[in-house]
Amino acid sequence: MCAEMVSASALKFNNEKSLNMLKIDKDEHPLSMQIFGGEADDIAAAAKLAQAQGADIIDINAGCPVKKVNKAGAGCVLMKDPDKIGRMVAAAVKAVKVPITLKTRISLNRSEILGPLIAKIAQDNGAAAVVIHARAAADFHNGPPNLAALEACVKAVNIPIIGNGGVADAAAAKAMFNCGCQGVMIGRGAVGNPFIFRDITAQLSGQTNAPLTAAQKLQLYLSLVIKNAQIYGGRTGVNRSKKTVGYWVKGFAGSSAIREKLVRSESLEETRSILTDAINSKI
Ligand SMILES: Cc1cc2nc3c(=O)[nH]c(=O)nc-3n(C[C@H](O)[C@H](O)[C@H](O)COP(=O)(O)O)c2cc1C
């Protein structure tokens, strides 16, 4: 399980929202907590906080292309200064006992492949593994992964490389394992389909799981809304859950009408009743 990135500089200023993001549910282990920042000292301090909250792995982000993050000197812009990435990794390794990993990209733009160099620098500074999103930062999340560049990263180091980018089925995962990756990270393919991990693992050993029924998916979505309501409070929890409703409630007769009702729902009780009615109507 990998958690959403948390700002090291916000943690430095005791930002309550960021401190809350470090909280880990007892069922979430093993969990990799990701931090981002532009200064090695901040990263080291944030790593200590994440470790104190129970993070099993601490991952440093050097791949995010979001403007706000880049303006703070964090995310993919760090790729312009690989030595700085090395200093960040070294500072974090020194600060905590849990493994430090780095998540980065194959390149900033398609012209210059930086992944192998950065992976090597991360390794030399004590990183336990490197996650490579096999797309250029300039491509955000679009287009196929560059498997040749991913393979070059694998060849550059002795530590595990975890491949990422566009994996939504067993064939795509296999292509990354064939590059020598020791793990595969799945992003958007898991939204609305947390069983993707189980399904791909089964397919890689020649088995097939029965797909979830619509009712099972709705039941799971309801548990997500309930969890969000527990964490963020009823109204906010319900609203946050709406962000992914389109991934969960789709592809069966009447799904668009149910989706519309869910998007208008203003409380946990209302959402629960819409979903329970749908589940009981044997869709
Ligand atoms: C909405 C959204 C939020 C993301 N947040 C993070 C993040 O906090 N940290 C991170 O390393 N990557 C983040 N990513 C990037 C994903 O981890 C992943 O690298 C990217 O989506 C490519 O993998 P995929 O093609 O399997 O989705 C995010 C992507 C999306 C779409």
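Name the single residue that is surrounded by the most Cβ atoms within 10 Å (Cβ to Cβ) among those in segment 9-35 being in a helix (DSSP H, G or I) and within 13 Å of the ligand (Cβ to nearest atom).
It comes out as 21.
How many residues are over 20 Å from residue 23 (Cα atoms), in a helix (DSSP H, G or I) and under 24 Å from the mean Cα position of the chain (by Cα) when one looks only at segment 239-272?
Of the residues in that region, 6 qualify.
Here is a yes/no grid of residues against (1) farther than 17 Å from residue 115 by Cα; (2) more than 16 Å from the ligand (Cβ to nearest atom):
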{"site": "60", "(1), (2)": "no, no"}
{"site": "70", "(1), (2)": "yes, no"}
{"site": "74", "(1), (2)": "no, no"}
{"site": "79", "(1), (2)": "no, no"}
{"site": "82", "(1), (2)": "no, yes"}
{"site": "86", "(1), (2)": "no, yes"}
{"site": "92", "(1), (2)": "yes, no"}
{"site": "97", "(1), (2)": "yes, yes"}
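Return only the number of the condition from (1) touching a residue at least 12 places away in the same chain (Cβ under 8 Å); (2) closer than 28 Å to residue 143 by Cβ; (3) out of contact with any strand residue (DSSP E or B) (no Cβ under 9 Å at 6 or more places or on another chain) that residue 97 does not satisfy.
Going through (1) touching a residue at least 12 places away in the same chain (Cβ under 8 Å); (2) closer than 28 Å to residue 143 by Cβ; (3) out of contact with any strand residue (DSSP E or B) (no Cβ under 9 Å at 6 or more places or on another chain) one by one, residue 97 breaks only (2).
Take segment 19-65 and flag every residue that is farther than 22 Å from residue 87 by Cα and touching a Phe, Trp or Tyr at 6+ places or on another chain (Cβ under 9 Å).
Once the filter is applied, which keeps residues that are farther than 22 Å from residue 87 by Cα and touching a Phe, Trp or Tyr at 6+ places or on another chain (Cβ under 9 Å), segment 19-65 yields nothing.
Answer yes or no as to whether residue 281 is exposed (fewer than 13 other Cβ atoms within 10 Å of the Cβ) and of a type outside the set (A, V, I, L, M).
yes
Give the residue that is surrounded by the fewest Cβ atoms within 10 Å (Cβ to Cβ), with candidates limited to residues of segment 142-166 that are at negative phi and within 11 Å of the ligand (Cβ to nearest atom).
142
Quick one: which helices (runs of 4 or more DSSP H) lie wholly within segment 36-123 and hold at least 3 residues that are of a type in the set (A, V, I, L, M, F, W, C), assigned by TED's automatic domain parsing to the domain that holds residue 151 and over 20 Å from the mean Cα position of the chain (by Cα)?
Passing ranges, in order: 40-52, 82-95.
Tell me which residues, restricted to segment 40-71, are in contact (Cβ under 8 Å) with a residue 40 or more places away in the chain and more than 23 Å from residue 165 (Cα to Cα).
40, 41, 43, 44, 45, 46, 47, 48, 50, 51, 55, 56
With respect to residue 224, determine if the residue is surrounded by 15 or more Cβ atoms within 10 Å (Cβ to Cβ) and assigned by TED's automatic domain parsing to the domain that holds residue 276.
Yes; evaluated as a whole, the condition is true for this residue.
Looking only at segment 124-141, how many residues end up being away from the ligand (no atom under 12 Å from the Cβ) and assigned to a loop (DSSP other than H, G, I, E, B)?
Final tally of qualifying residues: 4.
Of the numbered conditions (1) in contact with a Ser or Thr (Cβ under 6 Å, 6 or more places away or on another chain); (2) at pLDDT below 95, residue 113 satisfies every one except a single condition; which is it?
Going through the list (1) in contact with a Ser or Thr (Cβ under 6 Å, 6 or more places away or on another chain); (2) at pLDDT below 95, residue 113 breaks only (2).
Scan segment 204-222 for residues that are of a type outside the set (Phe, Trp, Tyr) and outside any loop (DSSP other than H, G, I, E, B) and jot them down.
204, 214, 215, 216, 217, 218, 219, 220, 222
Name the one entry in 172, 137, 119, 149 that is farther than 26 Å from residue 98 by Cβ and touching a Cys at 6+ places or on another chain (Cβ under 8 Å).
Residue meeting the stated conditions: 137.
Would you tally the residues in segment 177-199 being within 12 Å of the ligand (Cβ to nearest atom) and within 18 Å of residue 102 (Cα to Cα)?
4
Can you say whether residue 202 is free of Cβ contacts under 8 Å to residues at least 40 places away in the same chain and either of a type in the set (Val, Ile, Thr) or within 15 Å of the ligand (Cβ to nearest atom) (or both), as far as the supplied structure shows?
No; evaluated as a whole, the condition is false for this residue.
The values are calculated or read from the model by the stated rules, or taken from the named source; none is laboratory data. Just so it is clear, the structure is predicted and the values come from calculations on it, not from any experiment. Cβ atoms come from the backbone with ideal geometry, glycine included; neighbour counts cover every protein chain shown.
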